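Everything below concerns the one structure shown next.
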Amino acid sequence: MALVTAYLAGLAMFSDVGLTPYLLQSAKIRDRGFHDAIWSIGVVRGCFFVLAAGLSAFPMAWFYGQPLLVPMLLVGSVGSV
């Protein structure tokens, strides 16, 4: 479980695009379209996160010799969407 947590945390830090600070500091904070765009970018980021974790689950499980890593990575990555 520690390996899964470390991998998902590293992937999250790598894919962080700073949307929350940008939203809070922007002058367009009351614009509905701006919020929708930020939300859409966040969803795309989450889908990328799940895809990256899903594609790397099988090679990681093979490398470490732990077949339980596959379902753990897949379930853990879905929580980030």
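The values are calculated or read from the model by the stated rules, or taken from the named source; none is laboratory data. Remember, it's a predicted structure, so these values are computed and weren't measured experimentally. Reconstructed Cβ throughout: ideal geometry from the backbone, glycine too, with neighbour counts over all protein chains shown.
Overview of results
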quantity: Cβ-Cβ under 7 Å pairs, at least 6 apart or on other chains, the stretch 57-81 side without any contact (Cβ under 8 Å) to a residue 60 or more places away in the chain and over 30 Å from G42 (Cβ atoms), far side among the polar types (S, T, N, Q) and surrounded by 11 or more Cβ atoms within 10 Å (Cβ to Cβ); calculated: none
quantity: Qualifying residue in the stretch 36-51 (condition: of a type in the set (V, I, T) and part of a loop (DSSP other than H, G, I, E, B)); calculated: no
quantity: Qualifying positions in the stretch 13-31 - among the aliphatic types (A, V, I, L, M), surrounded by 10 or more Cβ atoms within 10 Å (Cβ to Cβ) and not in a loop (DSSP other than H, G, I, E, B); calculated: L19, L23
quantity: Qualifying residues in the stretch 32-63 (those that are aromatic (F, W, Y) and in contact with a helix residue (DSSP H, G or I) (Cβ under 7 Å, 6 or more places away or on another chain)) - the one surrounded by the fewest Cβ atoms within 10 Å (Cβ to Cβ); calculated: F58
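Residues checked against (1) of a type outside the set (S, T, Y); (2) touching a Gly at 6+ places or on another chain (Cβ under 8 Å); (3) modelled with pLDDT of 85 or more:
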| residue | (1), (2), (3) |
| --- | --- |
| S15 | no, no, no |
| S26 | no, no, no |
| S40 | no, no, yes |
| V43 | yes, no, yes |
| S56 | no, no, yes |
| M60 | yes, no, yes |
